[in-house]
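Q: One structure follows; several queries about it will come next.
The values are calculated or read from the model by the stated rules, or taken from the named source; none is laboratory data. Here the structure is a predicted model, which means the values were calculated and not measured. Note that we place each Cβ from the backbone using ideal geometry, even for glycine, and neighbour counts take in every protein chain shown.
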Amino acid sequence: MKKIYFLCTGNSCRSQIAEGYGHKFLDPAKFEVRSAGIEAHGLNPRAIKVMAEDGIDITKQNSDMIENEYFNQADLIITLCGDARDKCPTIPSGVIHEHWDLEDPAKATGTEEEILSVFRETRETIKEKVKAIK
C-alpha cells in the first residue's frame, strides 16, 4: 500500500482539503492518505464549508503535527506551501516529494463571499492535483 502524506503549515486548510480528496479519489486498497502540519491549528471552518459544498465531509479529520514514523515510511510526501517545504524534516532518501506551492486561503481578505471564493479556487486546484496522483 502506498502511503501519501500531505503537509502544510497548520494542517487546517490546504492539507485537509487534499486529504479529503485523497480519501474520495484514491483507492483505499492501494493508498493510505494522511495530512499534517509543522504546527496544528485545527480545522478551518471555511475549508469545512467549501468541501461540504463539493459533497465531502472533512469534520472527522484531525489537525495533526507531522508524525515522524509515518513521515519516514511515506512513499509520497506532498508539501502544499513553502513554509512546510522549508521547515519539514529532511525527506528520507527514496521518498518521492512533490511541492504544490499554494497560497494560504486563510490569509484571504475581503467580504465573506470573496474569501470563500479564494477557498473554492484553492479547493479546485487541489482537487485536480489529487485526481492526477497515480
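Q: Kindly check whether there is at least one residue in segment 73-80 that is at pLDDT below 95, touching a strand residue (DSSP E or B) at 6+ places or on another chain (Cβ under 7 Å) and closer than 18 Å to residue 51 by Cβ.
A: The answer is yes; a qualifying residue exists.
Q: Same structure again: Could you grab the pairs with beta carbons closer than 8 Å, sequence gap of 6+ or different chains, first residue in segment 59-71 and surrounded by 14 or more Cβ atoms within 10 Å (Cβ to Cβ), second one of a type in the set (Asp, Glu)?
A: 61/19
Q: Checking residue 115 against (1) surrounded by 15 or more Cβ atoms within 10 Å (Cβ to Cβ); (2) within 17 Å of the chain's Cα centre (by Cα); (3) of a type outside the set (Lys, Arg); (4) assigned to a helix (DSSP H, G or I), only one condition comes out false. Which one?
A: Among (1) surrounded by 15 or more Cβ atoms within 10 Å (Cβ to Cβ); (2) within 17 Å of the chain's Cα centre (by Cα); (3) of a type outside the set (Lys, Arg); (4) assigned to a helix (DSSP H, G or I), the lone unmet condition for residue 115 is (2).
Q: Please work out which residue is nearest to residue 133 (Cα to Cα), limiting yourself to segment 81-112 and to residues that are aliphatic (A, V, I, L, M) and outside any helix (DSSP H, G or I).
A: The selected residue is 96.
Q: Here's a follow-up. Condition (residue is out of contact with any Gly (no Cβ under 7 Å at 6 or more places or on another chain) and farther than 19 Å from residue 10 by Cα) applied to segment 79-87: is it met by at least one residue?
A: Checking segment 79-87: not a single residue is out of contact with any Gly (no Cβ under 7 Å at 6 or more places or on another chain) and farther than 19 Å from residue 10 by Cα.
Q: Go through segment 35-47 and count every residue that is surrounded by fewer than 22 Cβ atoms within 10 Å (Cβ to Cβ) and either in contact with a Phe, Trp or Tyr (Cβ under 6 Å, 6 or more places away or on another chain) or more than 18 Å from residue 69 (Cα to Cα) (or both).
A: So in segment 35-47, the residues surrounded by fewer than 22 Cβ atoms within 10 Å (Cβ to Cβ) come out as 38-43, 45-46.
Then keep just the ones that are either in contact with a Phe, Trp or Tyr (Cβ under 6 Å, 6 or more places away or on another chain) or more than 18 Å from residue 69 (Cα to Cα) (or both); that gives 41-43, 45-46.
Qualifying residue count for the region: 5.
Q: Can you tell me which residue in segment 1-52 is nearest to residue 73 (Cα to Cα), limited to those that are among the small types (Gly, Ala, Ser) and in a loop (DSSP other than H, G, I, E, B)?
A: So the residue we want is 29.
Q: Give the number of residues within segment 12-32 that are free of Cβ contacts under 8 Å to residues at least 60 places away in the same chain, in contact with a strand residue (DSSP E or B) (Cβ under 7 Å, 6 or more places away or on another chain) and closer than 12 Å to residue 58 by Cα.
A: 3
Q: Out of 133, 78, 126, I need the residue that is surrounded by 17 or more Cβ atoms within 10 Å (Cβ to Cβ) and part of a loop (DSSP other than H, G, I, E, B). Which one? Break it down into steps so the answer makes sense when it comes.
A: On the way: 78 fails: part of a loop (DSSP other than H, G, I, E, B); 126 fails: part of a loop (DSSP other than H, G, I, E, B).
Answer to the check: 133.
Q: State whether the residues of segment 61-72 include one that is outside any strand (DSSP E or B), of a type in the set (S, T, N, Q) and under 20 Å from residue 125 (Cβ atoms).
A: Yes: segment 61-72 contains one or more residues that are outside any strand (DSSP E or B), of a type in the set (S, T, N, Q) and under 20 Å from residue 125 (Cβ atoms).
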